[in-house]
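Colleague: Please see the structure below; I have some questions.
No value in this document is a laboratory result; all are computed from the given coordinates. Since this is a predicted model, take the numbers as computed values, not measurements. Neighbour counts run over all protein chains shown; Cβ positions are idealised from the backbone, glycine included.
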Amino acid sequence: MISDVRVKGSLIEVYDASSKRISYMSQGSKDLVGIASNFFVIINGSLIEVYDEKCKRISYMSQGSKIVRGAAGTTFTVKNGSLIETYDEKCKRISYKSA
């Protein structure tokens, strides 16, 4: 389970509940935009990417005009034009509503 994800220098580091670093990866051009209990969300160029606690990419989708609003529990939300969309860790849209 992920307790925190931090950008330190050129690394993105993942920590567990006892503040122990459990994994890390190079930051490169990646921007950390959301942290949930079992995954975190990155913007990498024109992609929205979802990674697990071991920094293994679970899924990805095109960013297009989407703006990631945050992540919590088992989902993350994006603003896409006039819609607020909710996605699971596989980048499958679960729901949407007018913003």
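Colleague: Describe numerically, in nm with one decimal, the distance between label points set 7 Å from Cα along Cα→Cβ at residue 44 and at residue 3.
Modeller: Placing both labels 7 Å along Cα→Cβ, they lie 2.6 nm apart.
Colleague: From Cα pairs below 8 angstrom and at least 6 apart in sequence, can you work out the relative contact order of the chain, rounded to a whole percent?
Modeller: Computed value for the chain: 18 percent relative contact order.
Colleague: Measuring from label point to label point, each 7 Å out along Cα→Cβ, what is the residue 60 to residue 17 span in nm?
Modeller: 3.2
Colleague: Do you know the Lys pair count in region 4-98 for C-alpha distances under 20 Å, with sequence separation 8 or more or different chains?
Modeller: Within region 4-98, the lysine pair count is 21.
Colleague: Could you give each residue of region 64-73 its phi-based ³J(HN,Hα) in whole Hz, using Karplus coefficients 6.51, -1.76, 1.60 with θ = phi - 60°, and x for Gly or Pro?
Modeller: Values per residue, Gly and Pro as x: x, 9, 6, 10, 6, 8, x, 9, 6, x Hz.
Colleague: With labels modelled as points extended 7 Å from the Cα through the Cβ direction, what inter-label distance (nm, one decimal) is found for residue 25 paired with residue 80?
Modeller: Rounded to a tenth, the inter-label distance reads 2.2 nm.
Colleague: How much net charge surrounds residue 89 when only other residues with a Cβ under 12 Å from its Cβ are counted (Lys, Arg +1; Asp, Glu -1)?
Modeller: Counting the neighbours of residue 89, the net charge comes to 0.
Colleague: Given H placed on each backbone N at 1.01 Å, which residues far from residue 58 in sequence or on other chains put an amide H within less than 5 Å of it?
Modeller: HN-HN under 5 Å from residue 58: 50, 51, 52.
Colleague: What order do you get for 78, 7 when you list them from fewest to most C-beta neighbours inside 10 Å?
Modeller: 7, 78
Colleague: Can you give the Rg/Rh ratio of region 4-98, where Rg is from the C-alpha atoms and Rh is the Kirkwood radius?
Modeller: Value, to two decimals: 0.97.
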